[in-house]
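Structure first, commentary second.
The values are calculated or read from the model by the stated rules, or taken from the named source; none is laboratory data. Not measured: the values here are computed from a predicted model. Methodologically, a virtual Cβ is constructed for each residue, glycine included, from the backbone with ideal geometry; neighbour enumeration extends over all protein chains shown. Only protein heavy atoms, including side chains, enter the accessible area calculation; ligands, DNA and RNA are left aside. Shrake-Rupley method; radii C 1.70, N 1.55, O 1.52, S 1.80 Å.
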Amino acid sequence: MTAQLIDGKALSQKLRQEVSGRVKALKAGGIVPGLAVILVGEDPASQVYVRNKVRACEETGMYSVLEKWPDTLTEAELLARVQELNEDKNIHGILVQLPLPRQIDATKVIESIAPEKDVDGFHVASAGALMTGLPGFWPCTPYGCMKMLEHIGYDLKGKHAVVIGRSNIVGKPVAMMLLQQNATVTICHSATKNLKDMTLQADVIVAAVGKRKLLTADMVKPGAVVLDVGMNRTEEGKLCGDVDFDGVKEVAGWITPVPGGVGPMTITMLMVNTCESAERSAGQR
Ligand code: NAD
């Protein structure tokens, strides 16, 4: 293996410790950062995600409310509940776990969250703030990718970053963040004709597609940084990313594993955003 591993688990632990310290300081001033997590229905993956988010709040000393609603909840009922949480002084972050049942318009619900409590960073106001470089909440997974680059001391100025995937939650926001750090950014997607030509030029590759072994060793420039956001399953049911890790690790300079790479960073950045929201409400930021 020539690549150095970027350990998302270890970095997460370090960042969560930092959050715990900030939470302690807030508590000393009489503020307990609070996150409300809303789950509608019984989606098994969502149940695991929300449980992990609540556990992370407990670990960092934050207050959390987990609200579980039946999948018969109406859109009007959910919108009313979000409105109450928008006005609740003990809540600094609101997260509505997606997907939502069919009768509920997810966009409408996300847009009903007060932007100052949008710790998932999915509101159009948050997307607009990221686009224009204004203060706002960055979506957690791409924010985690940027923290990993910061952690290895990587200077993006003048570097070519190739993002594979253009979703609103990963591809597009991470491209904006890389641009903000002065990288030259190329976004590739399902209609890109010559993916390998693009990735071979990249100093940094972010793979966010959801296809196993999409990025192979022959597509990577020696020494490149490879961040693997993908979460897929092998035929044996094991978690894996978009990158052919065994091959690419022999060519890349830095690489994130799956599991233990970008994955743990997502919830960690949710904690960072929630803590920051509480600090902002206290006028500290
Ligand atoms: P998405 O399905 O919304 O977007 C996938 C993107 O990949 C699309 O923009 C599409 O154009 C592009 N694409 C599809 N086939 C392609 C191809 N052959 N070549 C190039 N581009 C192609 O997915 P998403 O929500 O952005 O998630 C992407 C992956 O990241 C998934 O595996 C998801 O599970 C994972 N994910 C992980 C985390 C985490 O915490 N680690 C968070 C969010 C998403």
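Debye-formula intensities of the stretch 84-124, expressed as log10 I(q)/I(0) at q = 0.18 Å⁻¹, are -0.48 (one equal scatterer per alpha-carbon, no solvent).
Solvent-accessible surface of the stretch 140-263, averaged per residue with a 1.4 angstrom probe and all protein chains in place: 45 square angstrom.
Pairs of Cα atoms under 8 Å, at least six residues apart: use those to get the relative contact order of the stretch 198-285, whole percent. Walk me through the numbers on the way to the answer.
Values: 151 pairs, mean separation 22.9, N = 88.
RCO, the stretch 198-285: 26 percent.
Between Glu18 and Arg280, the C-beta separation translates, for a Förster distance of 25 Å, into a calculated FRET efficiency of about 0.90.
For the stretch 216-285, rounded, prolate or oblate, judged on the Cα gyration tensor with a ≥ b ≥ c (square roots of eigenvalues), a/c < 1.5 rounded, else prolate if a/b > b/c? In terms of gyration-tensor shape, oblate. Near the amide H of Ala202, within less than 5 Å, lie the amide hydrogens of Lys221, all on another chain or at least 5 residues away, with H placed in the peptide plane.
Per-residue ellipticity at 222 nm computed for the chain from its helices equals -13000 deg cm²/dmol, with DSSP H segments shorter than 4 residues left out and the rest contributing -39,500 (n - 2.57). Phi-derived couplings, Karplus 6.51 cos²θ - 1.76 cosθ + 1.60 at θ = phi - 60°, listed residue by residue for the stretch 2-9: 9, 6, 8, 7, 9, 8, x, 5 Hz, with x used for Gly and Pro. Kindly identify the chain as rounded, prolate or oblate by the Cα gyration tensor criterion: order the square roots of the eigenvalues as a ≥ b ≥ c, call it rounded if a/c is under 1.5, otherwise compare a/b with b/c, prolate if a/b is larger, else oblate. Taking the square roots of the gyration eigenvalues as a ≥ b ≥ c, the chain is prolate.
Just the accessible area per residue of the stretch 30-114, please: how many Å² with a 1.4 Å probe? Let's see the in-between values first.
Working: 4220 Å² over 85 residues.
Dividing the accessible area of the stretch 30-114 by its residue count gives 50 Å².
Reducing the stretch 56-107 and the stretch 156-182 to their Cα centroids gives an inter-centroid distance of 29 Å. If you sort Asp120, Asp197 by accessible surface, 1.4 Å probe, largest first, the order is Asp197, Asp120.
Once backbone amide H atoms are built at 1.01 Å from N, Asn232 has Cys240, Gly241 as its partners under 5 Å, excluding neighbours fewer than 5 places away on the same chain. Computed from backbone phi, the HN-Hα couplings of the stretch 31-37 come to 10, 10, x, x, 10, 9, 10 Hz, rounded to whole numbers (Karplus: 6.51 cos²θ - 1.76 cosθ + 1.60, θ = phi - 60°; Gly and Pro given as x).
When the Debye formula is applied to the Cα atoms of the stretch 142-202, each taken as the same point scatterer, what base-10 log of I(q)/I(0) results at q = 0.21, 0.24, 0.27 Å⁻¹? Values returned for q = 0.21, 0.24, 0.27 Å⁻¹ are -0.81, -1.02, -1.19. Pull out a ≥ b ≥ c, the square roots of the eigenvalues of the alpha-carbon gyration tensor of the stretch 30-114, then state rounded if a/c is under 1.5, prolate if not and a/b is larger than b/c, and oblate in the remaining case. It is oblate, given that a/c is not under 1.5 and a/b is not larger than b/c. On the chain, 53 percent of the accessible area sits on carbon and sulfur atoms, based on a 1.4 Å probe.
Using only alpha carbon pairs under 8 Å that are at least six residues apart, calculate the relative contact order of the chain and give it in whole percent. Mind showing how you got there, number by number?
Numbers: 570 pairs, mean separation 64.8, N = 285.
Normalised by residue count, the contact order of the chain is 23 percent.
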